[in-house]
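Notes follow once the structure below has been shown.
The values are calculated or read from the model by the stated rules, or taken from the named source; none is laboratory data. These numbers come from a predicted model, not from an experiment. Quick reminder, even Gly has a Cβ in these numbers, built from the backbone with ideal geometry, and neighbours come from all protein chains shown. Heads up: the accessible areas ignore ligands, DNA and RNA and are worked out on the full protein's heavy atoms, side chains in. Shrake-Rupley method; radii C 1.70, N 1.55, O 1.52, S 1.80 Å.
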Amino acid sequence: MKKKSREDMNEKKLFTPIKKEELGIKEFVRPPVGYWKDAWRRLKKNKLAMVGLVMIILLLLFAILAPLLSPYKYDQTELTNCYASMSKTHLFGTDAIGRDVFTRIAFGARISLAVGFVAAFISFFIGVFYGGISGFIGGKTDNIMMRIVDIFYSIPVLLIVILLMVILRPGLTNVFIALGIAYWVGMARIVRGQVLSLKEQEFTLAARALGASKRRILTKHLIPNTMGPIIITATLLIPNAIFFEAFLSFIGLGVSAPMASWGVLASDGVQGFRSHPGLLFIPAIFISLTMLSFNFLGDGLRDALDPRLRK
Amino acid sequence: MKKYIINRIFSMILVLVVVSSLTFFLAKAIPGGPFTKEKKVPDVILQRLEEKYHFDDPLWKQYAFYMGNLMKGDLGPSFRYDALTVNDIIRKGFPVSATIGFLAVLLSIILGLPAGIISAYRQNFWQDNTVMFFSLIGISVPSFILATVFMYFFGLKFKILPIAGWGGFRYMILPAITLAAYPTAYIARLTRSSMLDVLSQDYIKTARSKGISEFRVITMHALKNAILPVVTYMGPMIAAIFTGSFIIERLFFIPGLGKYYVTAIYDRDYTVILGTTIFYAFFLVTANFIVDILYAFLDPRITYEEKK
């Protein structure tokens, strides 16, 4: 008893044993970070990508809140007040028939962004479905399915879209359809390539050994693992789609009046741009900013989601 | 190699047959014939017209007729311009488009490659940042906006260059620069990233330690390998430039094929749309094919025999 207490005393003087929790060991062990969390952390460090993300969110808010932001309607004309310059009542002035440019830009944002997102969504849907099946089944089916993709792939997107728009007639829904049809090909290729390499990996074998059905392996094991590249492709596809819509509207194949996408506004602006360059430059700036934001974000996502590609 | 080329030629033909058949049937599916105009055409004339263009034949016969003519390189008459055939339009428009296109290709390589090299060589220095900044703008700003901005400043404000029109080299400068903007930016980015890859390789260190001049290391050792991704981009680049010129030609009033194409869209001149689409597809598929073959010659590591 005495001996022990002396030992105790000594130890207490020199080394005091402390509890494990007090050691702060936890600080040394990195908590397990999931793929998405890790990617988000990398993305947050990328300033340009964050700028892009913030701008996209602002643009989305701008589009969603469009009716609240201005007292005018997008097709409300004010013929006594044409080509008004920037002022408090008309933030960006008015156009050739006295419509408030700010309102038209805000409503244009709805169309342009909708085109981008819907086109990305359609091509995502078809591409994942088609590419997933093609890569998973492999063999002859894959060969035939990819031949079809090759044929589509070798025709420039613009030709497909123009042709479809000529046949389907201009209009917003048809822009969605045409862009969706044109863009799924690239997505299908990427998904197929990913699935092809993933299905040879051990975790697929393990899933198969455990008796998982083919459908389950594809939907629960393979597709989720291809999400990184898919999201990158989709993000970079959105600015492309927005550009194409602007392009189509510009040559008169896009959205029809009185609705106005940014492309239509820019196209209208060209007609009077010698005297009123603002009518062209304002939609132009919005188109460029949007494309820039999505490109920033897409580049950032590529670095964040696919660390192997990092330069 | 031979087998690969033969394979590629077959798939090229397949692509073209599919494209032309698809466009043919799609055009036939459009409600309203090409002769339904605002002013009603008398029935007799309509009948004669339909006879002339074989519209009264069954669909398969029309298809066979069209494809047969296509084999002979005859793309048919224009519906809007009685005196012109689609071949005439292509013969008139394509050289003009090709001139600007060629200038734009040249420009984007001359500007894009060195920009990318410098950017990679001075990674994270101001040179790099400047190049990357401008290349982002080049990628993000749509060509038709760039075109109008150029027209505004160079044509209207400073009056250095003609705003629009065609005739002489001076008229080609602005359209060529506008067309080249996107591919230049893209090439610069591509060169930069592949150059960064190559510059960190051991053989570059070896070359430097041998005392070879820095210029030689960059141009002879690094660039030779770094240029490969750029060559792969050539196919899509040519496509981008030639389809990009649809709008540029319209804006600058250049009588190229792109302008005819867009005008045909406005006019719903279906044979012209069909014909030029097929022509573009043919041209671009061929360009891709040539680029692929070129690639095999440039990169001895690539043997197409093994690839399947």
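A few notes on this one:
- Exposure check, 1.4 Å probe, all protein chains in place: residue B:290 carries approximately 100 Å² of accessible surface.
- Highest average packing first - B:167-179, A:290-302, A:123-135, Cβ atoms within 10 Å: A:290-302, A:123-135, B:167-179
- Projected label distance in nm at residue B:22 and residue A:62, using a 7 Å step from Cα toward the beta-carbon: 3.6 nm
- Chain-alone versus full-assembly comparison, segment A:212-254, residues with accessible loss of at least 50 Å² (1.4 Å probe): A:247, A:250, A:251
- Ranking by accessible area, most exposed first, for A:202, B:51, B:214, A:245 with a 1.4 Å probe: A:202, B:51, B:214, A:245
- Between the amide H of residue B:85 and those of B:78, distances stay under 5 Å, these residues lying 5 or more places away or on another chain, with hydrogens modeled in the peptide plane.
- Mean residue ellipticity at 222 nm, helices only, chain B: -23500 deg cm²/dmol; runs of at least 4 DSSP H residues each add -39,500 (n - 2.57), and the sum is divided by the number of residues.
- Sequence-distant contacts, meaning Cα pairs under 8 Å at least 6 residues apart, place the relative contact order of segment B:93-258 at 37 percent.
- Dipole magnitude for chain B: about 640 debye, using +1 per Lys or Arg Cβ and -1 per Asp or Glu Cβ, origin at the Cα centre.
- The calculated FRET efficiency for the pair residue B:60 and residue B:14, based on their C-beta separation and a Förster distance of 22 Å, comes to about 0.60.
- Approximating the spin labels as points 7 Å out from Cα along Cα→Cβ, the residue B:201-to-residue A:203 distance works out to 3.3 nm.
- Accessible surface of residue B:295, taken over heavy atoms with a 1.4 Å probe and every protein chain present, rounds to 40 Å².
- Helices meeting the span-like rule in chain B (full DSSP H runs, Cα extent of at least 30 Å along the helix axis, mean Kyte-Doolittle score of 1.0 or higher): B:2-29, B:86-121, B:228-251, B:270-298.
- Full-stretch length increase - residue A:40, residue A:256 - with 0.36 nm per residue and alpha-carbon distance subtracted: 73.8 nm
- When the listed pairs A:140/A:220; A:140/B:2; A:37/A:199; B:28/B:72; A:199/B:224 are checked against a 30 Å cut-off, the alpha-carbon distance exceeds it for A:199/B:224.
- Placing +1 on the Cβ of every Lys and Arg and -1 on the Cβ of every Asp and Glu, with no other charges, gives segment B:93-258 a dipole of roughly 280 debye about its Cα centre.
- Inter-probe distance in nm under a simple model that places probes 7 Å from Cα toward Cβ, at residue B:212 and residue A:148: 4.9 nm
- As a rough guide to protection, the peptides B:132-142, A:270-280, A:234-244 ranked by mean Cβ packing within 10 Å, highest first, stand as A:234-244, B:132-142, A:270-280.
- Listed peptides B:146-156, A:43-53, A:174-184 by packing density, highest first (mean Cβ within 10 Å): A:174-184, B:146-156, A:43-53
- Accessible surface for residue B:43 stands near 100 Å², nearest 10, in the context of the full protein assembly shown (1.4 Å probe).
- Expressed as a whole percent, the accessible surface of segment A:189-311 that belongs to carbon and sulfur atoms is 57, based on a 1.4 Å probe.
- Inter-centroid distance (Cα atoms) of segment A:238-307 relative to segment A:105-138, Å: 18 Å
- Qualifying chymotrypsin sites (Phe, Trp or Tyr not before Pro) for segment B:245-278 [loop in DSSP, other Cβ within 10 Å: at most 15]: B:253
- Portion, in percent, of the accessible area of chain B that falls on carbon or sulfur, probe 1.4 Å: 67 percent
- Cα lying deepest toward the dipole's positive end in segment A:186-275, options A:191, A:227, A:207, charges on Cβ: A:207
- Top positive-direction residue, dipole computed over segment B:93-258 with Cβ charges, set B:98, B:201, B:242: B:201
- Cβ charges +1 (Lys, Arg) and -1 (Asp, Glu), total dipole of segment A:161-244, debye: 300 debye
- The mean number of Cβ atoms from other chains found within 10 Å of a Cβ in peptide B:18-25 is 3, as a whole number.
- Buried solvent-accessible surface, both chains (A, B), 1.4 Å probe, Å² to nearest 100: 3600 Å²
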